[in-house]
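The values are calculated or read from the model by the stated rules, or taken from the named source; none is laboratory data. On a predicted model such as this, the values are computed, not experimentally measured, just so you know. No Cβ is skipped: glycine too gets one built from the backbone with ideal geometry, and neighbour counts run over all protein chains shown. Just so you know, the surface numbers come from the protein's heavy atoms only, side chains and all, with ligands and any DNA or RNA stripped out. Shrake-Rupley method; radii C 1.70, N 1.55, O 1.52, S 1.80 Å.
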Amino acid sequence: MTVTSEASARSKRTFSYSSDDIKRMLPHRWPMLMIDRAFDVVPGVSGRGVKSVSVNEPFFAGHYPDHSIMPGVMIVEAMAQLVAVVYVAEIIEAPAPEDGGTEAAGDPSQSVGYLGSISSMKFSRLVVPGDQLRLEAKLGQRLRGLRQVTVRASVGTELAASGSLIVTTGRKDAGS
């Protein structure tokens, strides 16, 4: 019973990650690093994040230059990167093995997989420079090397986008 209680308490613990932490967790770099902060992260389960949208984003130069709007694919990318943070958090926040062994060596960003599919994605509000995009991700069930995820993006109280993603739970080399 004590083990179950300890495991339950540990699974509900939340974490926050700064932009520097996220750079260590993800393989993405500017201009493709899309999230500025992650918080309320329950490793392997769910999390929230923030993307501050600046007029200096490189995609604004060519995406409706006279009426700057954030491309939907970039909103989806930001949500997918939050999913990756939640996934990697499960790896880096895992308790140390009791047998005295060391945790898996290497770069945790190497465990980030790929976006496999986007379904039922709906865009309900334009995202423009000056907006703060609030992201949410909830990981669903695993099926072999895939994971279903529910995602949302909001600006203030207005929903900007929501839908489902399927992500791979690891990378495969081009030669495999």
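Tally Lys and Arg at +1 and Asp and Glu at -1 over the other residues with C-beta under 12 Å from the C-beta of residue 71: what net charge comes out?
-2
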Backbone N under 11 Å from the residue 134 label point (7 Å along Cα→Cβ), restricted to the range 26-52:
49-50
Going by the alpha-carbon gyration tensor, a ≥ b ≥ c the square roots of its eigenvalues, is the range 22-84 rounded (a/c under 1.5) or, if a/c is not under 1.5, prolate (a/b greater than b/c) versus oblate?
prolate
Note, residue 19: beta-carbon cut-off 13 Å, +1 each Lys/Arg, -1 each Asp/Glu, net +2
Quick one: Kirkwood hydrodynamic radius for the range 48-100, alpha-carbon pairs, angstrom, one decimal?
13.7 Å
For the range 34-149, accessible area per residue (1.4 Å probe, heavy atoms of protein chains only), Å²
54 Å²
